[in-house]
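Asker: Mind looking over this structure? Questions follow.
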There are 4 protein chains.
Amino acid sequence: MLKYLTAGESHGPQITAIVQGIPAGLPLGKEFIDRELARRQGGYGRGGRMKIERDQVVINAGVRAGEALGSPIALIIANRDWVNWQRVMFSGPEADISSPLVRPRPGHADLAGGLKYNHHDLRNVLERASARETAARVAVGAVCKQLLSAFNIQALSWVVEIGSVKTQRRQLPTEELFRQAESSPVRCPDPEASKQMMALIDKANETGDTLGGVFEVIVVNPPVGLGSFEQWDSKLDGRLAQGLMSIQAIKGVEVGVGFRGSRMFGSQVHDAIAYSEGKRRFYRLGNHAGGIEGGITNGENIVLRAAMKPIPTLRRPLSSVDITTKEEVEASYERSDICAVPAAAVIGEAVVAYEIARSMCEKFGGDSLEEMRRNYAAYLKQISEY
Amino acid sequence: MLKYLTAGESHGPQITAIVQGIPAGLPLGKEFIDRELARRQGGYGRGGRMKIERDQVVINAGVRAGEALGSPIALIIANRDWVNWQRVMFSGPEADISSPLVRPRPGHADLAGGLKYNHHDLRNVLERASARETAARVAVGAVCKQLLSAFNIQALSWVVEIGSVKTQRRQLPTEELFRQAESSPVRCPDPEASKQMMALIDKANETGDTLGGVFEVIVVNPPVGLGSFEQWDSKLDGRLAQGLMSIQAIKGVEVGVGFRGSRMFGSQVHDAIAYSEGKRRFYRLGNHAGGIEGGITNGENIVLRAAMKPIPTLRRPLSSVDITTKEEVEASYERSDICAVPAAAVIGEAVVAYEIARSMCEKFGGDSLEEMRRNYAAYLKQISEY
Amino acid sequence: MLKYLTAGESHGPQITAIVQGIPAGLPLGKEFIDRELARRQGGYGRGGRMKIERDQVVINAGVRAGEALGSPIALIIANRDWVNWQRVMFSGPEADISSPLVRPRPGHADLAGGLKYNHHDLRNVLERASARETAARVAVGAVCKQLLSAFNIQALSWVVEIGSVKTQRRQLPTEELFRQAESSPVRCPDPEASKQMMALIDKANETGDTLGGVFEVIVVNPPVGLGSFEQWDSKLDGRLAQGLMSIQAIKGVEVGVGFRGSRMFGSQVHDAIAYSEGKRRFYRLGNHAGGIEGGITNGENIVLRAAMKPIPTLRRPLSSVDITTKEEVEASYERSDICAVPAAAVIGEAVVAYEIARSMCEKFGGDSLEEMRRNYAAYLKQISEY
Amino acid sequence: MLKYLTAGESHGPQITAIVQGIPAGLPLGKEFIDRELARRQGGYGRGGRMKIERDQVVINAGVRAGEALGSPIALIIANRDWVNWQRVMFSGPEADISSPLVRPRPGHADLAGGLKYNHHDLRNVLERASARETAARVAVGAVCKQLLSAFNIQALSWVVEIGSVKTQRRQLPTEELFRQAESSPVRCPDPEASKQMMALIDKANETGDTLGGVFEVIVVNPPVGLGSFEQWDSKLDGRLAQGLMSIQAIKGVEVGVGFRGSRMFGSQVHDAIAYSEGKRRFYRLGNHAGGIEGGITNGENIVLRAAMKPIPTLRRPLSSVDITTKEEVEASYERSDICAVPAAAVIGEAVVAYEIARSMCEKFGGDSLEEMRRNYAAYLKQISEY
């Protein structure tokens, strides 16, 4: 069973992840993980912190000589800012807790978390609730991507909306759209929309405001039959929705045509089945389903979309209440971004890569990459003879 | 740990569910579960099967003298149609499998499931992938609702869109909207929209077409602090999204303002924190967040929305391929609905009730209802003194 | 993932189990399950109830035409005694609860369960804590045995001690010992010891006393490499120990030489590795390890042993306390057995078969039996070329 | 839900653990964890490595100012020997893998692991299968002990057998036995037996042989009602057995009288129930059950016993086979201990403390220590009024 746990506060010494279930023999490199971490830190509209942190992973277990051992993989990402915070965030009793945060920020876990955990210093809440935690998820996702790449499966993303600016959908190959997204400062595969998005970010910056948006994640080349309708929690669409919705600030998730499809007639929305001799065999005349029918992959690309709310930490703070005095105050301000949708898209790739890798491991088993590949190849052969 | 498994084919003898983790002493009645099952079967636009099935639960374990024992609860719902299907669906080798289904229906698991499980009779796929399984989820949800009602928490739903018809959002109390939805044939708390929706369903019926739509589920009176940002999979919004997306035909999920919020500025979207003496104490000036911030409840009502695609079984069938001959054919037709959005809303209540009940059990523990209520009351007192 | 839940009270209408994760296409028959249920009900020294109950399974989901569908399997075992108990055990409020059990039996969950769940009628505890629940585990185990038999793996048991009577260890093939056990009224593969055991049971019966004992479960022909040392809870020996210790009345579990091995020197206890050309290749010169090293199978037979305490319900009751009056009383007496070690051995086979089947599914994946067998065969080939 | 994952190779840079579910506000100190790590490293009969490693924990997440935050706790234990191994064990492709281990050691996972993971350098197996991993479990257990100590619950251990030397059972208070064990070089609370055990270890050392033994873990002051008979895998005895059996080299586990009890009559083995006014109320006239009846605690101390096989790495190596040449060879020798039973006893405390803490969290819930204690106190009051 592929699974993982993460730990780490935003201003603690490091972010830690343990990933379990990666087959032995998988080539795994720090370089690829670091590249993914850098992709997460990019994007127009990021705040000052992104300049401080240049995340680098250290692989501290589970990998030897560039290959997975089959044992749990420990990934460590140091927080460069730690030097400035160790007095305040130290684990021992000598930590300086003399300046508690008492002005909760709307849109964050601050107040609800303080009440839940009975914390009277809201720093004890926001440190873990922070999106800094997603660095660990991107590192885990990078490991999963390396597993998927052994099966020629990829998870790609781009931004389709920032605030009120929408991309025009263009008929280009997925790889080409991805290439354009990679070279856009806002991960948008549409140069014209990219410019408008950046202008909107500039405007928000001027007014002390923030922006959200919408991104897409596409899984290219998934096999038919991942996930299962056996039980409610084995359905792949449910798992993918959980993964995406669990990313900080995500408030909406769609598969395929999503909400738009609910406004169409059945005859317009379902993807007719066709057949051709040769490699392709069964295929679809469209992909409104987004590659998932009945909770399992149908062999078409998986198409997912997620909506991110605007960053809730505003330089022009919202109205709040001091938890000690109960007086009306301005919410506290921690250095933050104007817009993090491009980063969220990269995080989206990571959580999707994890779920696809998990469903691959469940279906194909295998303790070594050889074994998993052998099982996979035999299944593809079975499919091709169905 | 509250959890459950279900089993049962659409035309098998029965649907079975086992629910584990309900505290001892909870009053549990068959009547309430049956009422919920009936609500699931209602709605304008349902097909003939809904007239055959009048679901009734039998509680076969875990309840004695009207109260939960603390042991697992077994719920059985007989399939009334079984008498007509037992020859075909019998578990023993004498079953009649001489008429395999070979024309997969687009929009269903038929083809992908056949390939995955190597089934050459697609009946072996569609029987479990069918939404008949949601009867079990509604029964389980009814048990969870009875638990929640001991804490004065409710999960309510209504339909906001069917096809191209949208409800106008009206400023009425939640309970009043719910009451209106309950008396609408399409669960829509807007009499004018209800009429238009029914007219659209009639039109689809005439053309052999189908419709989808959008429903909302509101959790009324949740305590602050359910769910956790401790780990990616402990976040309540992620879990709720999984639950909703795992319902058959759901392709989109939103929390609070959802996709709409991603098009607004941060200053417009976050809910300012206010305070008043007395019972209410900390509260919000709005609820764009839909009651969840940082993956945990903030004490406001939880607001969820789900998009259902049109029913994929069309009387005017889509184009498909015979899996044996590989020739182009019309997809097979199983008796089906025109529109099942009202039913899906009731199922949505059930899966949401389960997730809320699960998070309640995690936070408050307790083997008996007395114990759980005592823990809950003491927590509310803690909150009121924060 | 192979997993299951069970529900059902000892005197309720039925015992229910849902098993998930069995691959599609596995031949599954009611006959085999019923035979296993009958084996559980046999044995010299059983009480009157065993004559009332002649367990028969009904397969209500997950199997069609004698083959698993790949969907969850529902197994129902009716309690024949239910007709005599429905007034008392009914799920509705009209149940007769006028005669609460208030004299807890030492050695049972009665008192501790009453305190835990705040039950003041101890019937509400003992009904679920009862070993009647093991009928469900034997049914689930029978399904797992059918899966294992597709891979030529078997779980066999016999009794080695009852009370003070011990079997002499005899050098016979496993299958022969099993055959002898099957024909012994006390499942003991030693005719002389069998007689002594039966005499001891007679003696205990005369004095109103009870007996425990020790049984062995052998897994024949497991592949090398089941389980994992990846994480503490993936080790196969730990899982097997949990399974066996979770059987009612089991107080001790051993793998291989167990406690005896801890009194030997290292040079005496470890199994030297040898090699021969041909089918066998790597093998051991002994099997003190009981087939498991480092938490994984080493290819030798798995050897497990479990100690059962004497049945705690005595016709000559133990001293107890009335939970209402707090006065010293004799513990209540529910019809019971003198000795159930032979039955426990059959239950032991079942829980072991489940754990082995689970580890097989984890390692080999596969949605259909064809797929799982193909993966298995390819792995055996890999092993044979190592 | 309390849970944890560990990662780390025996000669890798560090051992890592992430523990999730510890309530906020729990005082947690590095000092106590380090003391537990030192206890694990002690004991007469340890090899050279124990002199190299002086384990120290670094808490890298989840704790601030000496208190748990409620977020996951990351624990890091550096391997001091890493400096000597980094060339061989490095995670990058430049690692030196030129000297593969090819002579598997009987009694270890070496051969079975090599076959399972398709590793041809057995170092890739033994590094994770090694008992070095138990350092992480002791650290996790130390965190759990700190949680338990907030409820005045303790997990204590001592050694009762080493090789053929047995302790005489003495009627002393548990705390006094523990104190004597702590000051014995072999953790044996019997000075005379301690001397004999040390002499036996000396003898084994001379002959290049190794020893195993038996230890006990006692849980002092557990509340009644931990664990559950609801489902097979919720039974506390099963979970404790899994925990203990999953410790490297453990081959037998007993609860209470264990195997000995299976040889007694029922009238001798069950613990009569008595009652006295005042604080004690319901209690037992004996503790043959070892504190667990029906899978749940009955309020008496929990008594567990585990059998450890002799260390399988012998200076006078066992016969093995070269996995490359298939020739008969002597097994390879890695520096090792003569006897590690005292260390295993400390590890036993840790795994038991984890399981008890887990069942406490399940029953009492709570996000903060205040909340958990409040729930606990109210339950004890309920019990006292039953």
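The values are calculated or read from the model by the stated rules, or taken from the named source; none is laboratory data. Quick caveat: nothing in here was measured; it's all calculated off a predicted structure. Reconstructed Cβ throughout: ideal geometry from the backbone, glycine too, with neighbour counts over all protein chains shown. Surface areas here come from the heavy atoms of the whole protein model, side chains and all, with no ligands, DNA or RNA. Shrake-Rupley method; radii C 1.70, N 1.55, O 1.52, S 1.80 Å.
Asker: Within segment A:228-252, restricting attention to residues that are more than 7 Å from chain B (Cβ to nearest Cβ) and hydroxyl-bearing (Ser, Thr, Tyr), which residue is surrounded by the most Cβ atoms within 10 Å (Cβ to Cβ)?
Answerer: A:228
Asker: Pairs needed: first member in segment B:310-324, farther than 20 Å from residue B:127 by Cβ; second member anywhere, of a type in the set (Phe, Trp, Tyr); C-beta distance under 8 Å; at least 6 residues apart or different chains.
Answerer: B:310/A:265; B:315/B:333; B:321/A:275; B:321/A:282
Asker: Oh, and also: Do we have residue B:351 as within 14 Å of the chain's Cα centre (by Cα) and not small (Gly, Ala, Ser) here?
Answerer: yes
Asker: Just need a number here: residues in segment D:253-278 that are within 7 Å of another protein chain (Cβ to nearest Cβ) and charged (D, E, K, R).
Answerer: Pass one, segment D:253-278, residues within 7 Å of another protein chain (Cβ to nearest Cβ): D:253-259, D:261-267, D:269-275.
Okay, now just the ones that are also charged (D, E, K, R), so D:254, D:263, D:271.
Total satisfying the criteria: 3.
Asker: If I go through segment A:57-101 residue by residue, how many of them are in contact with a Gly (Cβ under 7 Å, 6 or more places away or on another chain), facing another protein chain (nearest Cβ under 8 Å) and of a type in the set (A, V, I, L, M, F, W, C)?
Answerer: Qualifying residue count, segment A:57-101: 5.
Asker: Let me ask you something else. Of all residues being among the charged types (D, E, K, R) and in a helix (DSSP H, G or I) in segment C:358-380, which is most open to solvent (accessible area, probe 1.4 Å)? Just the residue, please. Spell out the reasoning first.
Answerer: Filtering segment C:358-380 down to residues among the charged types (D, E, K, R) leaves C:358, C:362-363, C:367, C:370-371, C:373-374.
This time we only want the ones that are in a helix (DSSP H, G or I), so: C:358, C:362-363, C:370-371, C:373-374.
Details: C:358: 35, C:362: 68, C:363: 8, C:370: 89, C:371: 0, C:373: 117, C:374: 71 Å².
For segment C:358-380, the residue satisfying everything is C:373.
Asker: Additional query: Would you say residue B:133 is within 18 Å of the chain's Cα centre (by Cα) and within 14 Å of chain A (Cβ to nearest Cβ)?
Answerer: So residue B:133 passes the test.
Asker: If I go through segment D:192-227 residue by residue, how many of them are of a type in the set (S, T, N, Q), open to solvent by 10 Å² or more (accessible area, probe 1.4 Å) and either at the interface with chain C (Cβ under 7 Å from one of its Cβ atoms) or assigned to a loop (DSSP other than H, G, I, E, B) (or both)?
Answerer: 1
Asker: For residue A:314, which of the numbered conditions (1) within 30 Å of residue B:277 (Cα to Cα); (2) more than 10 Å from every other protein chain (Cβ to nearest Cβ) fails to hold?
Answerer: Here residue A:314 meets the rest and fails (2).
Asker: Among the residues of segment A:247-282, write down those that are more than 17 Å from residue B:115 (Cα to Cα) and of a type in the set (Lys, Arg).
Answerer: Selection gives A:251, A:260, A:263.
Asker: Name, by its number, the condition in (1) over 18 Å from residue C:309 (Cα atoms); (2) within 11 Å of another protein chain (Cβ to nearest Cβ) that does not hold for residue C:173.
Answerer: Result: residue C:173 fails condition (2) only.
Asker: Any residue at all in segment D:255-272 that is under 28 Å from residue C:267 (Cβ atoms), assigned to a strand (DSSP E or B) and either without any contact (Cβ under 8 Å) to a residue 24 or more places away in the chain or over 21 Å from the mean Cα position of the chain (by Cα) (or both)?
Answerer: Looking for residues that are under 28 Å from residue C:267 (Cβ atoms), assigned to a strand (DSSP E or B) and either without any contact (Cβ under 8 Å) to a residue 24 or more places away in the chain or over 21 Å from the mean Cα position of the chain (by Cα) (or both), one finds none in segment D:255-272, hence no.
Asker: Same structure again: Picking from A:12, A:25, which residue would you name as being within 11 Å of chain D (Cβ to nearest Cβ), on the phi < 0 side of the Ramachandran plot and of a type in the set (Gly, Ala, Ser)?
Answerer: A:12
Asker: While we're looking at this one, here's another question. Just to be sure before I move on: is residue C:159 within 14 Å of chain D (Cβ to nearest Cβ), of a type in the set (A, V, I, L, M, F, W, C) and either open to solvent by less than 30 Å² (accessible area, probe 1.4 Å) or in a loop (DSSP other than H, G, I, E, B) (or both) in the structure I sent?
Answerer: Answer is yes for this residue.
Asker: What do you reckon, is residue A:97 of a type in the set (Val, Ile, Thr), under 23 Å from the mean Cα position of the chain (by Cα) and modelled with pLDDT of 95 or more?
Answerer: In short, no.
Asker: Suppose the filter is of a type in the set (D, E, K, R), open to solvent by less than 10 Å² (accessible area, probe 1.4 Å), within 24 Å of residue C:348 (Cα to Cα) and more than 9 Å from every other protein chain (Cβ to nearest Cβ); does residue C:293 pass it? Walk me through how you get there before you give the answer.
Answerer: Numbers: of a type in the set (D, E, K, R): yes; open to solvent by less than 10 Å² (accessible area, probe 1.4 Å): yes; within 24 Å of residue C:348 (Cα to Cα): yes; more than 9 Å from every other protein chain (Cβ to nearest Cβ): no.
It is false that residue C:293 is of a type in the set (D, E, K, R), open to solvent by less than 10 Å² (accessible area, probe 1.4 Å), within 24 Å of residue C:348 (Cα to Cα) and more than 9 Å from every other protein chain (Cβ to nearest Cβ).
Asker: For segment C:96-121, which residues satisfy the criterion of being open to solvent by less than 10 Å² (accessible area, probe 1.4 Å) and farther than 22 Å from residue B:374 by Cβ?
Answerer: C:104, C:106, C:107, C:109, C:110
Asker: I've got another one for you. Restricting attention to segment C:176-191, and to residues there that are in a helix (DSSP H, G or I) and acidic (Asp, Glu), which single residue is farthest from residue D:129 (Cα to Cα)?
Answerer: C:182
Asker: Shifting gears a bit: Out of the residues in segment C:228-254 meeting the condition of being in a helix (DSSP H, G or I) and among the acidic types (Asp, Glu), tell me which one is farthest from residue A:24 (Cα to Cα).
Answerer: Top of the filtered list is C:237.
Asker: Determine which member of the set A:150, A:139, A:131 is open to solvent by 10 Å² or more (accessible area, probe 1.4 Å), closer than 26 Å to residue A:213 by Cα and touching a residue at least 40 places away in the same chain (Cβ under 8 Å).
Answerer: Among A:150, A:139, A:131, only A:131 is open to solvent by 10 Å² or more (accessible area, probe 1.4 Å), closer than 26 Å to residue A:213 by Cα and touching a residue at least 40 places away in the same chain (Cβ under 8 Å).
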